[in-house]
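Encoded as structure tokens, the structure appears first; notes follow it.
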Amino acid sequence: MLMIRYFVLENKKLSPAKEYIYDKITWCDVVKPSEAELIDIVQKFKLNLEDLEDCLDETIRPRFTTDLILGYQMVVLRIARFMDVDLEKPSTEPFGIVITKDGKIITIHASIPPYFNEIVEALQRVQPENDFIMVLDLVHYLIDQLAMTAQKITMKIRELENKVLQSHSARDIHEPFKLNAFFIYFVTSMLGNLNTIRAFSHKHASLKDKDILAYEKLDDVITDMEQVFQYSSIYRDSLNNILDAYASVINNNLTTVMKIVGSLTLILTIPGIIASVYGMNVNLWIPNDPGDPSSYFVFPAIIGGTILTCLLLYSRFRKANWL
């Protein structure tokens, strides 16, 4: 869906703009623009086309850049793609925020997350003091959604924990491995977001002396992002421990099976060895005279000895917990 929306911030009230008037526009939200629309935005706000194209690249990493020539700053974050956990799709997507030297805000993203309209409504309710405060509020709400996503992932981990540790089948490990890969990308995105916000904060370190409210909000944003990253990292380690435990369980099960198979193979081999020896065309202690009364007891004695040997081996393996 293609969409370009304009908003005006007047008297701490954010409202949709009825028409594009550059001097009155505060925020321009761009969703999946065409090449012509990108060029139009670039010309209207004096931006670099390549920077905007980067914001639409699914593989772009979080970063903070400043264009010294055109005088704007750009922040690219990875935001939650969905409200629920979908292991078949990437956990995050890029979201670009551009602040021009005239105080205009341009946000650009490839799709509208399910929660984004709620964020817009929240921004209209909080009545930000100015455009910079509005950017911080926007980032704060985006981080809240990342925190909710992290909590849903951890709930998924708890659901899989008992299932994995009680599993004896390799087929049951597919979903945990998918979740592990999903979570690795998510935690990596959180670390990138944290470093980007810190770089943005260093750029605006002078706010401590100029605007203490903005400085405190910026500090709160950094703290929130750190908490999401640390929370995600803890459960990533927990998931790794679960997978390691599962590998140990499978390895122990395999060792037990190999012991059982080896023991049974050895026991069942004994009768074959004895039968092979007495089936050879060699001189044995067995009487050759059919009239000899002792010849009637030879075969039962061999069978009995074979069974006794097998029983002794079985008893030995049972004591060693191999069977």
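The values are calculated or read from the model by the stated rules, or taken from the named source; none is laboratory data. The model shown is predicted, which means the values in this text are computed figures rather than measured ones. In this analysis, Cβ positions are derived from the backbone assuming ideal geometry, glycine residues included, and neighbour counts consider all displayed protein chains.
Looking at the stretch 5-39 only, could you name the residues that are of a type in the set (S, T, N, Q), part of a loop (DSSP other than H, G, I, E, B) and touching a residue at least 24 places away in the same chain (Cβ under 8 Å)?
Hits for the stretch 5-39 are T26, S34.
Under 30 Å from Q151 (Cβ atoms), exposed (fewer than 15 other Cβ atoms within 10 Å of the Cβ) and modelled with pLDDT of 85 or more: is that true of D219 in this structure?
The answer is yes for D219.
When you check F229 against the structure, is it modelled with pLDDT under 85, aromatic (F, W, Y) and in a helix (DSSP H, G or I), yes or no?
no
Can you name the residue in the stretch 21-59 that is among the β-branched types (V, I, T) and under 26 Å from I133 (Cα atoms) and is also surrounded by the fewest Cβ atoms within 10 Å (Cβ to Cβ) among such residues?
I21
If I ask for residues that are touching a residue at least 24 places away in the same chain (Cβ under 8 Å), of a type in the set (V, I, T), surrounded by 15 or more Cβ atoms within 10 Å (Cβ to Cβ) and not in a loop (DSSP other than H, G, I, E, B), which ones from the stretch 60-80 would you list? Break it down into steps so the answer makes sense when it comes.
Looking only at the stretch 60-80, we keep the residues that are touching a residue at least 24 places away in the same chain (Cβ under 8 Å), and these are 60-64, 66, 70-80.
Within this subset, residues satisfying the condition of being of a type in the set (V, I, T) are 60, 66, 75-76, 79.
Of the ones still in play, those that are also surrounded by 15 or more Cβ atoms within 10 Å (Cβ to Cβ) are 60, 75-76, 79.
Within the stretch 60-80, V75, V76, I79 qualify.
For the structure I just gave you, tell me whether V257 is assigned to a helix (DSSP H, G or I), out of contact with any strand residue (DSSP E or B) (no Cβ under 8 Å at 6 or more places or on another chain), modelled with pLDDT under 85 and surrounded by 13 or more Cβ atoms within 10 Å (Cβ to Cβ).
No; evaluated as a whole, the condition is false for this residue.
Quick one: how many residues across the stretch 169-223 are under 29 Å from the mean Cα position of the chain (by Cα) and outside any helix (DSSP H, G or I)?
Number satisfying all stated conditions: 1.
Just checking, does the stretch 18-35 include any residue being out of contact with any strand residue (DSSP E or B) (no Cβ under 6 Å at 6 or more places or on another chain), small (G, A, S) and at pLDDT below 90?
Among the residues of the stretch 18-35, at least one is out of contact with any strand residue (DSSP E or B) (no Cβ under 6 Å at 6 or more places or on another chain), small (G, A, S) and at pLDDT below 90, which makes the answer yes.
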